[in-house]
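Enquirer: My questions will all concern the structure given below.
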Amino acid sequence: MSDAVDKIGGPSPSSKAEIKGYFQSIALPVITDPRGDLTFVEGGNHIPFNIRRVYYLYNVPVDAQRGGHAHQELEQVVFALSGSFRITVDDGHTRTEHFLRDPRKGLYISKLVWREMDLFSQGAVCMVLASQPYDESDYFREYQDFIKAVGQNS
Ligand code: TYD
């Protein structure tokens, strides 16, 4: 392990992500260097699933609202690689707001979580690591359908 990882205090590259709720902040390792910082992520290691898809949002207008859906099975970790934005997550019982602005820190979102994203800064880049390939049939796009599924799962 690099000393730089110890100094910053993130998880060691071999630590397994442990998830206890429907969302969780995940801090990635960083290798500091006068030439610039380097962060890396390993599926199944720093995040609790194997990465099957990566997508990113960019050229996002500052007044845009994204998300507005939940998933039956998909798990994701969301990062602000550049700039910042707000992400609101809701498990059907509790709603919390998170401001992402540090490329080392992602927000894990479990299945059956409604998410909304807004307040994008100019030039923000949002990267998402996902546990499954894109599948429209995995989406709940209506909040009432999501709430019904939460009820059936509890
Ligand atoms: P959506 O997931 O609704 O975007 P967001 O939550 O960021 O607002 O997806 C927007 C459109 O892009 C929708 O038509 C589905 C399509 N899409 C893909 O084809 N593949 C993907 O991996 C993703 C995430 C979306």
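The values are calculated or read from the model by the stated rules, or taken from the named source; none is laboratory data. All figures in this text were calculated on a predicted structure; none of them were measured in a lab. Here the Cβ positions follow ideal geometry from the backbone for every residue, glycine too, while neighbour counts run over all protein chains shown. When the accessible area is computed, the model is the full protein with side chains, heavy atoms only, and any ligands, DNA or RNA have been set aside. Shrake-Rupley method; radii C 1.70, N 1.55, O 1.52, S 1.80 Å.
Enquirer: What strands (runs of 3 or more DSSP E), lying completely within region 51-131, carry at least 2 residues that are in contact with a His (Cβ under 8 Å, 6 or more places away or on another chain)? Walk me through it before giving the result.
Expert: Working: elements: 53-57, 66-71, 76-82, 85-90, 95-100, 105-109, 114-118, 125-130.
Counting at least 2 such residues, we get 85-90, 114-118.
Enquirer: Being within 12 Å of the ligand (Cβ to nearest atom), at pLDDT 95 or above and under 21 Å from Asn50 (Cβ atoms), is that true of even one residue in region 103-111? Reasoning before the result, please.
Expert: Filtering region 103-111 down to residues within 12 Å of the ligand (Cβ to nearest atom) leaves 109.
Adding the requirement that they be at pLDDT 95 or above leaves 109.
Checking which are under 21 Å from Asn50 (Cβ atoms) leaves us with 109.
Within region 103-111, one or more residues are within 12 Å of the ligand (Cβ to nearest atom), at pLDDT 95 or above and under 21 Å from Asn50 (Cβ atoms).
Enquirer: Name every residue in region 51-87 that is among the polar types (S, T, N, Q) and either without any contact (Cβ under 8 Å) to a residue 24 or more places away in the chain or under 19 Å from Leu100 (Cβ atoms) (or both), in order of residue number.
Expert: In the first step, residues of region 51-87 are kept if they are among the polar types (S, T, N, Q); the result is 59, 65, 72, 76, 82, 84.
Residues satisfying the conditions are Asn59, Gln65, Gln76, Ser82, Ser84.
Enquirer: Mind listing whichever residues of region 99-130 are aliphatic (A, V, I, L, M) and more than 22 Å from Gly151 (Cα to Cα)?
Expert: If we filter region 99-130 for residues that are aliphatic (A, V, I, L, M), which is where we start, we get 100, 107, 109, 112-113, 117, 119, 124-125, 127-130.
Residues satisfying the conditions are Leu100, Leu107, Met117, Leu119, Ala124, Val125, Met127, Val128, Leu129, Ala130.
Enquirer: I've got another one for you. Name the residue, out of Phe85, Phe140, Phe146, Phe79, that is in contact with an Asp or Glu (Cβ under 8 Å, 6 or more places away or on another chain) and of a type in the set (Phe, Trp, Tyr). Spell out the reasoning first.
Expert: Values: Phe140 fails: in contact with an Asp or Glu (Cβ under 8 Å, 6 or more places away or on another chain); Phe146 fails: in contact with an Asp or Glu (Cβ under 8 Å, 6 or more places away or on another chain); Phe79 fails: in contact with an Asp or Glu (Cβ under 8 Å, 6 or more places away or on another chain).
Just one listed residue meets the conditions, Phe85.
Enquirer: Now for a separate question. For the subset of region 54-83 comprising residues that are closer than 17 Å to Arg115 by Cβ and among the hydroxyl-bearing types (Ser, Thr, Tyr), which member is farthest from the ligand (Cβ to nearest atom)?
Expert: So the residue we want is Tyr56.
One line per residue, one yes/no per condition, for (1) farther than 23 Å from Ala27 by Cα; (2) surrounded by 15 or more Cβ atoms within 10 Å (Cβ to Cβ); (3) not hydroxyl-bearing (Ser, Thr, Tyr):
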residue	(1), (2), (3)
Glu75	no, yes, yes
His93	yes, no, yes
Glu97	no, no, yes
Pro103	no, yes, yes
Lys111	no, yes, yes
Phe120	no, yes, yes
Val125	no, yes, yes
Pro133	yes, no, yes
Glu136	yes, no, yes
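Enquirer: Oh, and also: Condition first: over 18 Å from Gln76 (Cβ atoms) and either touching a residue at least 40 places away in the same chain (Cβ under 8 Å) or more than 14 Å from the ligand (Cβ to nearest atom) (or both). Now tell me which residues in region 120-142 satisfy that. Break it down into steps so the answer makes sense when it comes.
Expert: Just the residues of region 120-142 that are over 18 Å from Gln76 (Cβ atoms), to begin with: 121-123, 142.
Hits for region 120-142 are Ser121, Gln122, Gly123.
Enquirer: Tell me yes or no: at least one residue of region 18-31 is basic (Lys, Arg), open to solvent by 60 Å² or more (accessible area, probe 1.4 Å), assigned to a loop (DSSP other than H, G, I, E, B) and at pLDDT below 95.
Expert: From region 18-31, those basic (Lys, Arg) are 20; that's our starting set.
Next, from what is left, pick out any that are open to solvent by 60 Å² or more (accessible area, probe 1.4 Å): 20.
Then keep just the ones that are assigned to a loop (DSSP other than H, G, I, E, B); that gives 20.
Right, trim to at pLDDT below 95 and you get 20.
Yes: one or more hits.
Enquirer: Still on this structure, please answer the following. When you scan region 38-50, how many residues do you find that are part of a loop (DSSP other than H, G, I, E, B) and touching a residue at least 60 places away in the same chain (Cβ under 8 Å)? Give the derivation first.
Expert: Let us first name the residues in region 38-50 that are part of a loop (DSSP other than H, G, I, E, B), namely 40-42, 44-46, 48-50.
Cutting the leftovers down to touching a residue at least 60 places away in the same chain (Cβ under 8 Å) gives us 41, 48-50.
Count: 4.
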